[in-house]
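Some notes on the structure that comes next.
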Amino acid sequence: MYDSVLLPVDGSDHAEIVQRHAAELAQWADATVELLYVADTTRDSVTVLGDDVIDALVRYGEEVVTEAGETFDSHGVDYETVVVQGRPADAIVEQATEGGHDLVVMPTHGRTGVSRLFLGSVTESVVRDADVPVLTARNRDERYDFPYERLLVPTDGSETANAAVDHALGLAESMDADVDVLSVVNEASLGLDTRSTVILDELEAQATEAVDDVVEQAESRGIEAASHVAHGSPPDVISDRAGEVDADAIVMGTTGRSGLDRVLLGSVTERTVRSADVPVLSVRPE
């Protein structure tokens, strides 16, 4: 499923949980891992102080990737380490493409937030711009379950969602996991227009058609699937549904640079990345 995984690291507290998750995934996929540290030399407080400070950042980065490598040594996973200079989000996206990686794994700060490299803005920029799937997970004390036994797959029937569906079903098939297919009708977008009832009925019909189509695809591949249509704010419903069905991960589409104006707007994906208690795998259409 995956041959080469890119894991940006920054030495944050509790990052070992996400590193361990990446190691378990790489071990399962028999993939190699590249541990990447980005020395952020774009800040004025760094660049004005000259080469000595930049060298110190690079040396610190070398320590970080070496320490992170211990997790992969313990799992018997092949890895290499890279330290680059630049703006973190741009450097990560560039490295994902130029390094030929087919998955990026990144920690995210979650609801409470942490300072340092992986602020939400960096992670979300990578989710939006990376040409390969991005698996995000919150730094925490408790390990994530792996391999995945149940995947939550939000869909609205759009091209963006379909790309994620195809990836999710491939992953479920590889792991012998079940899928829970969800479509969310956002009533707040309808306003008070007298046509709202008619439009709501149309949206519900589209949502039902979207989930039924995914269930049919899953069952044709021997994957056990359940479907659900819900009303509410998409990010909130998606996160809540993941807990209700005990999903191990969420696989969903992201609009990337161009944008689409349906349920799976980039903002929905980004908000889900911030709020979900399980890993979120974001997939862009090719």
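Summary table below
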quantity	calculated
Subset of region 245-273 (residues that are farther than 17 Å from residue 184 by Cβ and at pLDDT below 90)	256, 257, 258, 259
Top-ranked residue in region 13-44 [being within 15 Å of residue 63 (Cα to Cα) and touching a Pro at 6+ places or on another chain (Cβ under 7 Å); ranked as surrounded by the most Cβ atoms within 10 Å (Cβ to Cβ)]	36
Members of region 137-163 found to be part of a strand (DSSP E or B) and of a type in the set (D, E, K, R), listed by number	138, 150
Hey, residue 84 surrounded by 18 or more Cβ atoms within 10 Å (Cβ to Cβ) and modelled with pLDDT under 95 or not	no
Residue identified as at pLDDT below 85, surrounded by 14 or more Cβ atoms within 10 Å (Cβ to Cβ) and farther than 19 Å from residue 127 by Cα among 223, 199	199
For residue 201: the one exception among (1) part of a helix (DSSP H, G or I); (2) within 25 Å of residue 271 (Cα to Cα)	(2)
Filter pass, residue 205 being over 23 Å from residue 102 (Cα atoms), modelled with pLDDT of 90 or more, surrounded by fewer than 16 Cβ atoms within 10 Å (Cβ to Cβ) and aliphatic (A, V, I, L, M)	yes
Near pairs, Cβ below 6 angstrom, 6+ apart or cross-chain, from region 57-79 (under 15 Å from residue 12 (Cα atoms)) to any residue that is among the polar types (S, T, N, Q) and part of a helix (DSSP H, G or I)	68/19; 71/19
Positions within region 157-176 being open to solvent by less than 10 Å² (accessible area, probe 1.4 Å) and either touching a Phe, Trp or Tyr at 6+ places or on another chain (Cβ under 6 Å) or modelled with pLDDT of 90 or more (or both), in sequence order	161, 164, 165, 168, 169, 171, 172
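The values are calculated or read from the model by the stated rules, or taken from the named source; none is laboratory data. Owing to the predicted nature of the structure, the values given are computational and were not obtained by experimental measurement. FYI the Cβ positions are ideal-geometry reconstructions off the backbone, even for glycines, and counts take in every protein chain you see. Accessible surface areas use protein heavy atoms only, side chains included; no ligands, DNA or RNA. Shrake-Rupley method; radii C 1.70, N 1.55, O 1.52, S 1.80 Å.
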